[in-house]
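Just so it is clear, none of the values below were taken in a lab; they were calculated from the coordinates. Please read all numbers here as calculations on a predicted model, not as lab measurements. Counting neighbours? That spans all protein chains shown, and the Cβs are built from the backbone with ideal geometry, glycine included.
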Amino acid sequence: MKIFRIFPLLILFIFITANAVDAQCKAFAKKTCLPELGSYTHDGNYHATVLTEGEEAELYKTFYSDMEYRMSVCCDEKLPPIEFIVYDTNRNVLYSSKDANYAKTWDFKLTSSQQLRIVLKVNSSASQGGTPSSGCIAIMFGFKIKK
């Protein structure tokens, strides 16, 4: 019978903890990643999550033709380099940060409007047997306003 009293409290604790982590990641995104957009106008969305070494996350986003975009990825300093790969709707790789020495930003312009899939991969560090690092990873999008 005690389990029925403890279980709701456990669920509440997990929910509160998850919301606190999410808020910390969004604050990290605003403080650390937003400046990386430079002269690009932020699209207003903060995409951030906590990932552990060896994990990956993906995001789908629509981009419009003839607009200049900047994609910026940043992460907690304790994490190894983050690879982000951009795929078109036909699963062709448009960009891989690994090919650009794990660059944190990518500036691009598309000839046609399309939805792209962005995959974020946290590499595993070289140390074996240790506890994998985890931390906040954020991806931000900016665009240039035509004048």
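For segment 72-89, what does the Karplus curve 6.51 cos²θ - 1.76 cosθ + 1.60, with θ = phi - 60°, yield as ³J(HN,Hα) per residue in whole Hz, taken in order and with x for Gly and Pro?
Result, rounded to whole Hz: 10, 10, 9, 8, 4, 4, 7, 8, x, x, 9, 9, 10, 10, 10, 10, 8, 5.
Skipping prolines and chain starts, which residues have an amide H placed within reach, meaning under 5 Å, of the one on Met67, given they are 5 or more residues away or on another chain?
Result for Met67 returns Leu110.
Gln24 to Glu58: FRET efficiency via 1/(1 + (r/R0)^6), r the Cβ-Cβ distance, R0 22 Å, to the nearest 0.05?
On the way: r = 22 Å, r/R0 = 0.99.
Efficiency, from the Cβ-Cβ distance: 0.50.
Which ordering of Ser134, Ser72, Ser113 is given by a fewest-first count of other beta-carbon atoms within 10 Å?
Working: Ser134 15, Ser72 25, Ser113 11.
Going from least to most buried by this count: Ser113, Ser134, Ser72.
Shape verdict for segment 39-147, please, from the Cα gyration tensor: rounded (a/c under 1.5), prolate (a/b greater than b/c) or oblate.
In terms of gyration-tensor shape, prolate.
At 0.36 nm per residue, and after removing the present C-alpha to C-alpha distance, how many nm does the segment from Tyr102 to Asn123 gain when stretched out fully?
On the way: separation 21, 0.36 × 21 = 7.56 nm, distance 1.08 nm.
Working it through step by step, the gained length comes to 6.5 nm.
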